[in-house]
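So the structure is just underneath, and the comments pick up after that.
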Amino acid sequence: MASPPDTSKTIKLERYNSYIRKVNSTKLLNASSKLLFRATLLIALVVVFFFTFNYPPLSDTTNHHFHTHSHFLTSAFGGGGAWERQIRHSATPRRPNGFTVLVTGAAGFVGSHCSLALKKRGDGVLGLDNFNNYYDPSLKRARQDLLSQHQIFIVEGDLNDGPLLSKLFDVVPITHILHLAAQAGVRYAMQNPQSYIKSNIAGFVNLLEVSKAANPQPSIVWASSSSVYGLNTENPFSELHRTDQPASLYAATKKAGEEIAHTYNHIYGLSLTGLRFFTVYGPWGRPDMAYFFFTKDILHGKTIDVYQTQDGKEVARDFTYIDDIVKGCIGALDTAEKSTGSGGKKKGPAQLRIYNLGNTSPVPVGKLVSILENLLTTKAKKHVIKMPRNGDVPYTHANVTLANRDFGYKPVTDLSTGLRKFVKWYVRYYGIQPRLKKENRIDNEQPDDSA
């Protein structure tokens, strides 16, 4: 019988070859892994370098913001110091039962006048303003200097800075807010619409958010606008007339403010009074207003555009002198009831009001120009054109019956008298020596009957 074949050598050879294959596979896998790792590392480095050179480093931005904010908190808020002493000194009332009023937009036209009037009667006044460059900031700084001479301190900050607003409430017990800060102007909304949303809506909401959480909550009087009447054709404009047809974004943001005020009054018990101003003018006014730049252009011999309606009628405005507006603002403050909420919760019904503040006597723009010509003894170069579709309305006329009934508002300054006071301030402030007739000297405070 034949012996079985010897397969041991064959088995050993196969085992050896299998081992060699595994070793080679392991080496290949290791090599592949190293290659993949190096390729991944290279790609990662390329991505890092790409973002480094093409985008600002996020960590640097965050650190810079944190450093800036921390520095601000340390220098402005930290531990009392000169900043808080200035605030307390400015905001402390000097009369029995006096108010402590936060005036937003205190370096503005209406804000500066109201601040001075409140301080003069013994109320504590604290200003807030961001000194933006919508018009010449040097005029705002000049108003700030004027207020400083009367011991009124203006905090330089923005309505949208919640921590800053909260800090002001922590430093002093604010009893009232006169909210006048806003992005003004009808035509500018076509150039920079976002500025109106940021200031007139977001800024207002931020102020209301901080106010609702205060304990006690302040009473708030704020500036709406006659622009909310928009395309309304009923005259004179009454608070009962419709205001759902705004003709400009500015008007729409002010109308939105009125609806927002209703919401915060209803939910949180904030006492809110809105004031619809009608074309305010006077000394320390705004350079973007017609009476102001008309004066400038007439003195410099430049042509002025005088608008007519599309059907050839004169455009007219209910020009209201600043002193009358100030009396209306203070009347609204004096009759504002206390808010009823506490810590963001409503405890009972709260006051909600809206008023027109105007002069009740519309004047054609052509008449305004004639008065300025007489006061400046200079003939204007007029370019009469159709009113463009830029958000302006052809006519405004205030019915002030409600304001008269509730806090005795009664305008007393006619346009000739008010413009005389404005021109007197204008030539003094800008150092201009206009040609004056003896019978029509600007220094004469009596009304000009010939105008």
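Every read-out reported here was derived from the displayed coordinates using simple, explicitly stated rules and does not represent laboratory data. Note that the structure is a prediction, hence the values are computed from the model and not measured. Counting neighbours? That spans all protein chains shown, and the Cβs are built from the backbone with ideal geometry, glycine included.
Within the set LYS140/LYS386; LYS327/LYS347; LYS167/LYS421; LYS313/LYS424; LYS347/LYS410; LYS119/LYS424, which residue pairs have Cα atoms separated by over 29 Å?
Flagged as over cut-off: LYS140/LYS386; LYS327/LYS347; LYS167/LYS421; LYS313/LYS424; LYS347/LYS410.
If the only charges are +1 at each Lys and Arg Cβ and -1 at each Asp and Glu Cβ, what is the size of the charge dipole of the range 348-396 around the Cα centre, to the nearest 20 debye? Don't skip to the end; give the middle numbers.
On the way: 7 positive and 2 negative charges, 40 e Å.
The dipole of the range 348-396 has a size of about 200 debye.
Where does each of 383-389, 285-291, 143-149 land if you order them by average Cβ count within 10 Å, highest first? Could you put the intermediate results ahead of the total?
On the way: 383-389: 11.3, 285-291: 18.4, 143-149: 16.6.
Peptide ranking by packing, descending: 285-291, 143-149, 383-389.
Across the range 298-315, in residue order, what do the Karplus-derived ³J(HN,Hα) couplings come to in whole Hz, using 6.51 cos²θ - 1.76 cosθ + 1.60 with θ = phi - 60° and x for Gly and Pro?
Values per residue, Gly and Pro as x: 4, 5, 9, x, 8, 6, 10, 8, 10, 7, 10, 5, 4, 9, x, 8, 6, 7 Hz.
At TYR429 and ILE385, where each label point lies 7 Å from the Cα along Cα→Cβ, what is the point-to-point distance in nanometres?
My value for the distance between the label points is 2.6 nm.
Under 5 Å between amide hydrogens, which residues at least 5 positions from VAL280 or on another chain qualify, with H placed 1.01 Å from N in the peptide plane?
THR320
I'd like the Karplus ³J(HN,Hα) series for the range 392-397: coefficients 6.51, -1.76, 1.60, θ = phi - 60°, whole numbers in Hz, and an x wherever there's a Gly or Pro.
5, 10, x, 7, 9, 7
Given H placed 1.01 Å from N in the peptide plane, which residues other than close sequence neighbours of PHE237 have an amide H under 5 Å from its amide H?
For PHE237, the qualifying residues are HIS397, ALA398, ASN399.
Can you run phi through the Karplus equation (6.51, -1.76, 1.60; θ = phi - 60°) for the range 369-379 and list ³J(HN,Hα) in whole Hz, with x for Gly and Pro?
Result, ordered by residue: 5, 4, 5, 5, 4, 5, 5, 8, 6, 9, 6 Hz.
Label THR378 and GLN194 with points 7 Å out from Cα along Cα→Cβ: what is the distance between them in nm?
3.9
Across bins of 10 angstrom width beginning at 0, how are the C-alpha pair distances of the range 173-271 distributed, in whole percent?
Here the calculated profile for the range 173-271 is 15, 43, 31, 10, 0.
Where the only charges are on Cβ atoms (+1 Lys, Arg; -1 Asp, Glu), what is the dipole of the range 69-198 about its Cα centre, to the nearest 20 debye? Please report the intermediate quantities before stating the final value.
Details: 13 positive and 9 negative charges, 86 e Å.
For the range 69-198, the charge dipole is close to 420 debye.
Set Lys and Arg Cβ to +1 and Asp and Glu Cβ to -1, take the dipole of the range 310-364 about its Cα centre, and tell me which of VAL363, ILE330, THR340 lies farthest positive.
Ranked along the dipole, the leading option is THR340.
Between ASN97 and THR233, what's the calculated FRET efficiency when r is the beta-carbon distance and R0 is 56 Å? Round to 0.05. If you can, show how the numbers build up before the last one.
Details: r = 45 Å, r/R0 = 0.81.
Computed FRET efficiency for ASN97 and THR233: 0.80.
Under 5 Å between amide H atoms, partner at least 5 residues away or on a different chain: which partners does VAL103 have, H built in plane at 1.01 Å?
Here LEU126, GLY127, LEU128, LEU178 satisfy the definition.
If a paramagnetic tag sat 7 Å from the Cα of HIS89 along the Cα-Cβ line, which residues of the range 99-127 would have the backbone N under 15 Å from that point?
Of the residues in the range 99-127, 125-127 have backbone N under 15 Å from the label point off HIS89.
If the range 69-228 were replaced by its equivalent ellipsoid, with semi-axes equal to the square roots of 5 times the Cα gyration tensor eigenvalues, what would those be, largest first, whole Å?
Working: eigenvalues 113, 65, 54 Å².
Working from the Cα gyration tensor, I get semi-axes of 24, 18, 16 Å.
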